[in-house]
Amino acid sequence: MFKDLFEKYNWAEVKTLIHTATSEQVEAALKKEKLLVSDFAALVSPAAAPYLEEMISKSSMLTRQRFGNTMQLYIPMYLSNECKNICTYCGFSLQNKVPRKTLSDTEIMQEVAILKKRGFDHLLLVTGEDGQMVGMPYFRNAIKLLRPHFAQISIEVQPLEAEEYQELSELGVHTVLVYQETYKEEDYKLHHPKGRKSNFHYRLETPDRIGKAGIHKIGLGVLIGLEDWRTDSFFTALHLSYLEKTYWKTRFSISFPRLRPFSGGLAPKVEMSDRELVQLICAYRLFNPDVELSISTRESARFRNLLSTIGITSMSAGSRTNPGGYSIDPQSLEQFEISDERSVEEVIEMLKSQGLQPVYKDWTYVW
């Protein structure tokens, strides 16, 4: 289990290692073809900032070599904002007195009709964490409804048991996203004071359960802004490296959600500039040329245009982050504010103008 490896590292020591990295260590990492996590630490360090142009050049080259001139497009569908957790950074948090909604079968199909008209074949299902309102019975039903209409279904829901992930895989789930939010245990507890999500180690072990269930792809990430992003990213890279060695048949993706405004409000503890996010994306690409790197509509249109050329291989478009946001209740409470509000057609036009081919699905199941 990753927990055994994780406990060999000390947050403060890793942070010091990163923030005291030298230009010589950065230059050594840039010369390597196969990087270690210690090289990744150098590439996300302050010392790497002057080398950003070289990192961008190498990242762009590796991305085109591994992924060609393609960009995967996906669309999130929020099924429910019911949640039993208190999370300091989320609009769906239990303590927020907001209208709660879970989509019915009819409402799900209303959303499907609109998303299919927009051309999407990759759907990301998102819910709050409420095992009673949106537990396995709800997931089974929703996936059976949706499976005939989409080639690829991903989910971002509460952590489940390995046998439950296996069942969802058999029903047609292709990818499971689970973000640790932060790998700093004491801060994790501050941001998750109540609910099942407050169990740091249960969440930490979730990717192991997903891997054992044979899910095709696992998505990792942290919420950038809760803690030192360089240190959190080191532990994400360490987690990725462990998972790839342990579940070698599985594919992986990394996402880069930066803390965004929401109803209730939490200011980032640690600010990350756009330039630093570029540095981080390039560091991941150099560290792992084969990993999928994904960006959401949290980021601005102009910035996403840039990111699509330097390392990102998957992005959402035309997103809403509230249940029924496409057809039923577009103005209801969103989980967080989006920044890129362009239509799907506008995003596609942007990608084509950069010589990229929009791809609406990763692969197709043969049943």
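The values are calculated or read from the model by the stated rules, or taken from the named source; none is laboratory data. It should be emphasised that the depicted structure is a prediction, and the values quoted were computed from it without experimental measurement. With ideal geometry, Cβ positions are generated from the backbone for all residues, glycine too; neighbour counts draw on all protein chains shown. SASA here: full protein model, heavy atoms, side chains in, ligands and nucleic acids out. Shrake-Rupley method; radii C 1.70, N 1.55, O 1.52, S 1.80 Å.
Carbon-plus-sulfur accessible fraction, the chain (probe radius 1.4 Å, protein heavy atoms only): 51%.
Magnitude of the charge dipole for the range 167-215, about its Cα centre and with charges confined to Cβ atoms of Lys, Arg (+1) and Asp, Glu (-1), is about 180 debye. With pairing defined as another cysteine C-beta under 4.7 Å, the cysteines of the chain that fail it are C83, C282.
Among L36, F92, G214, whose Cα lies farthest out toward the positive end of the dipole of the chain, if unit charges sit on the beta carbon of Lys, Arg (+1) and Asp, Glu (-1)? About the Cα centre, the residue reaching furthest to the positive side is G214.
Taking a straight line from the alpha carbon of K97, these lysines sit under 20 Å away, with near neighbours fewer than eight places off in the same chain left out: K84, K194, K197. As a ratio to 2.2 N^0.38 Å, the alpha-carbon radius of gyration computed for the chain takes the value 0.94.
Please state, as a whole number in µm²/s, the translational diffusion coefficient that the Stokes-Einstein equation yields for the range 50-198 at 25 °C and 0.890 mPa s, with Rh defined as the Kirkwood radius across alpha carbon pairs. Before the final figure, lay out the partial values.
Details: Rh = 17.6 Å.
Value of D from the Cα-based Kirkwood radius: 139 µm²/s.
The trypsin sites (Lys or Arg not before Pro) of the range 1-63 that DSSP puts in a loop, and whose beta carbon has at most 16 other beta carbons within 10 Å, are K8, K32, K34.
Among DSSP bridges having both ends in the chain, what percentage is antiparallel? Round to the nearest 5. Don't skip to the end; give the middle numbers.
Details: 2 of 35 bridges.
Restricted to the chain, the bridges split so that about 5 percent are antiparallel.
Solvent-accessible area of F234, all protein chains in place: 10 Å² (probe radius 1.4 Å, heavy atoms, ligands and nucleic acids excluded). Under the convention that each Lys and Arg Cβ holds +1 and each Asp and Glu Cβ holds -1, the size of the dipole of the range 1-133 around its Cα centre is about 280 debye. Shape class for the range 172-288, computed from the alpha carbon gyration tensor (a ≥ b ≥ c): oblate, with a/c not under 1.5 and a/b at or below b/c.
Would you work out the charge dipole size for the range 56-359 about its Cα centre, treating the Cβ of every Lys and Arg as +1 and the Cβ of every Asp and Glu as -1, and quote it to the nearest 20 debye? Before the final figure, lay out the partial values.
On the way: 37 positive and 37 negative charges, 83 e Å.
For the range 56-359, the charge dipole is close to 400 debye.
Here's the picture: charge each Lys and Arg Cβ at +1 and each Asp and Glu Cβ at -1 in the range 183-315, and of T231, L204, V278 the one pushed furthest to the positive end of that dipole is L204. Measuring between alpha carbons in the structure, the pairs from K31/K245; K3/K34; K58/K184; K117/K144 lying more than 22 angstrom apart are K31/K245; K3/K34; K58/K184. Our helix-only sum for the chain, with -39,500 (n - 2.57) per DSSP H run of n ≥ 4 divided by its residues, gives a mean residue ellipticity at 222 nm of -12000 deg cm²/dmol. Ranking H192, G325, L52 by Cα position along the charge dipole of the chain, where only Lys, Arg, Asp and Glu carry charges on their C-beta atoms, puts G325 farthest toward the positive end.
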